[in-house]
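Working notes, structure below.
Only the coordinates and a few stated rules stand behind these numbers; no lab work does. Being a predicted model, the structure only gives us computed values, none of them experimental. Positions of Cβ are generated from backbone atoms using ideal geometry, with glycine treated the same way; all protein chains shown enter the neighbour counts.
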Amino acid sequence: MFSSLIFICILASLVALMFFTVRKFYFVEKLAKGKKWLRNVLALALCVLVFVVGYFTNMVYMVVIVLHFIIFDWILFFIGWILGKITKKHLKIYLAGVLAALLTVGYLSYANWNDWNIVRTDYTVETNKIIKDNKGQKLSNFRIAQITDAHIGTTFDGKGLAKYIKEINKTKLDIFVITGDLIDDDTTKEQMIDTCNSLGLIKAKYGTYYIEGNHDAAYYKDRGYSMEEFQRDLETNGVIYMKDDVKLINDSVYVIGRIDRRFKDERKSMAELTKGLDKSKYMIVLDHQPHDFKAQTDSGVDLVLCGHTHGGQLFPIGYLGEWYGSYEKSYGIEKQNNTVFEVSSGISGWGVPYKTAAVSEYVILDIK
């Protein structure tokens, strides 16, 4: 209910801003023929038309495009106003709208390319703990591949995921982890099945581990399949489905997969999850949302892998999210006491295939 009210407020603010922006367009002024009331009616009608089209196509796309256009338009308007004060020559007001439209097209074209241009990001973490192979021999390097926030159907479909799985397989990984939001509210049954089949291609020595994100279970839509069907198809393809579970690999590495923070009533605390575990073994936590750092540090785990934020996706959302407390870190890697936290920007965008705040990535992390 609260998030719905926030969305309505944002939408109302957007309509108001768009109204004041559109009202000064040249063709609106020309059609109004100097009549202020007609100019306002035409501007409002155009705003309503834009959002009606958005409602029947993709409202998220519409909001993103309109918001960027308005921001560019107002920036150019104020630049023109300042230059006019200095030079005494005023830019024709409708030119700001034309330039804003061109900037919006250019900027969001880059954002779309950035979302599709999936890169490999490498990290190295050091430990004094001994990690063993399946023969009990000490490993000099333990390699983890991580993908998160694929939101299948936003950037690529389930079959499209196979391309990146094959690319990751070349890195000769020890374990493969998926830290949530593999599928989305709109992911079809066919896409879900293709996704699970693509994950069946993974070649990881000691397994593939999956946790749910806040979108996997879908917020509001009947997608034609249940989470039980999704879990079955994942497990059929060799994926270990974790919901507050602990798995021990080669008697030397714990993988702790958490229930998402969205389901806080079902979710165990870090103290409960780590109770009775041998702290001399290396402990890896998979937690979709980066929002429990103190408890994870206090529990003595070595590594926490997260997603959820998309690195902010659209500038400056990441900074706003950290400032507001929606998450503790929007992107990157850091160490607090003896615990390393890594937050991936994800292999896809959410809602729209646009990214301006971070890259799309898969992560290769080496523990030495």
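So here's what we get for this one:
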| read-out | value |
| --- | --- |
| Length released on extending from TYR324 to LYS368, taking residue separation times 0.36 nm less the Cα-Cα span | 12.3 nm |
| Average Cα contact separation per residue, the stretch 132-247, under 8 Å, 6 or more apart, as relative contact order % | 27 percent |
| Interatomic Cα distance distribution for the stretch 120-367, bins of 5 angstrom, percent | 1, 6, 14, 19, 21, 17, 12, 6, 2, 0 |
| Pairs of Cα atoms farther than 18 Å apart, the stretch 139-270, % | 52 percent |
| Entries of LYS159/LYS355; LYS247/LYS279; LYS170/LYS294 with Cα pairs more than 24 Å apart | LYS170/LYS294 |
| ARG120-VAL52 FRET efficiency (beta carbon distance; Förster radius 51 Å; 0.05 resolution) | 0.75 |
| Simple label model, 7 Å out from Cα along Cβ direction - LYS247 to ASP185, nm | 3.0 nm |
| The chain: relative contact order as a whole-number percent, Cα under 8 Å and 6+ apart | 19 percent |
| Percent of Cα pairs exceeding the 19 Å cut-off, where the set is the stretch 115-192 | 48 percent |
